[in-house]
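To start, the structure itself, in structure tokens.
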Ligand code: ZN
């Protein structure tokens, strides 16, 4: 009910900041999020988005979906400074993605190009796995002011859009990941942080790119 969710968000925003991030095992991460349809008034929605951005920065992460803070609404925030070495940025087509909120998003793959790279999730702390995703996607949503968005993104920004939009459908990246690539963050950083996952494929026994 609209009143219930608004009350829950008010309580959440009155609590500690950055907001606590819920982790895998919480059913909210496995339940499709209801569309945002005015359940929050404009001020509460704006306050929620500010708090989500702050929480994403603190984590730190490059995206945060509302279910990850326990709020069952179809919205997410994205922002990536792409602060990685140039060789990594080039290989992964990782370019800065300015801050934005996406509301009721959907995406479709454009073309058949796929990209396989290590990916992680704030709700699955401590691990990374290679996940194959479309190199280019078409994003359709509205922004936090209700303006319609229909645009194409490629490379790492496309991956972020897909990852966060999947959250709103109750999907975690592990559902799409090559599980043999699973690496603790320590092993990932010490062994497999090359620009592409070819060495990890040889070492762990999987075919990068499926
Ligand atoms: Zn995630």
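The values are calculated or read from the model by the stated rules, or taken from the named source; none is laboratory data. Being a predicted model, the structure only gives us computed values, none of them experimental. Note that each Cβ is placed from the backbone with ideal geometry, even for glycine, and that neighbours are counted across all protein chains shown.
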Checking residue 98 against (1) in contact (Cβ under 8 Å) with a residue 24 or more places away in the chain; (2) within 26 Å of residue 148 (Cβ to Cβ); (3) away from the ligand (no atom under 16 Å from the Cβ): exactly one of these is not met. Which one? (1)
Restricting attention to the range 178-195, and to residues there that are exposed (fewer than 13 other Cβ atoms within 10 Å of the Cβ) and farther than 19 Å from residue 94 by Cβ, which single residue is farthest from the ligand (Cβ to nearest atom)? 190
Those residues that are within 20 Å of residue 163 (Cα to Cα) and outside any loop (DSSP other than H, G, I, E, B), I need them from the range 174-210; list them, please. 174, 175, 177, 178, 179, 180, 181, 182, 183, 184, 185, 188
Unmet requirement for residue 23, which otherwise passes all of (1) surrounded by fewer than 17 Cβ atoms within 10 Å (Cβ to Cβ); (2) modelled with pLDDT of 95 or more; (3) away from the ligand (no atom under 13 Å from the Cβ); (4) part of a loop (DSSP other than H, G, I, E, B): (3)
Among the numbered criteria (1) within 21 Å of residue 148 (Cβ to Cβ); (2) at pLDDT below 95, which one does residue 74 miss? (2)
Looking only at residues in the range 102-120 that are within 16 Å of the ligand (Cβ to nearest atom) and free of Cβ contacts under 8 Å to residues at least 60 places away in the same chain, which one is nearest to residue 84 (Cα to Cα)? 119
I'd like to verify a number: residues in the range 131-177 that are under 11 Å from the mean Cα position of the chain (by Cα) and either more than 16 Å from the ligand (Cβ to nearest atom) or at pLDDT below 95 (or both), how many? 0
Checked the range 74-90 for anything crowded, with 17+ Cβ neighbours inside 10 Å and farther than 28 Å from residue 46 by Cα; matches are 89
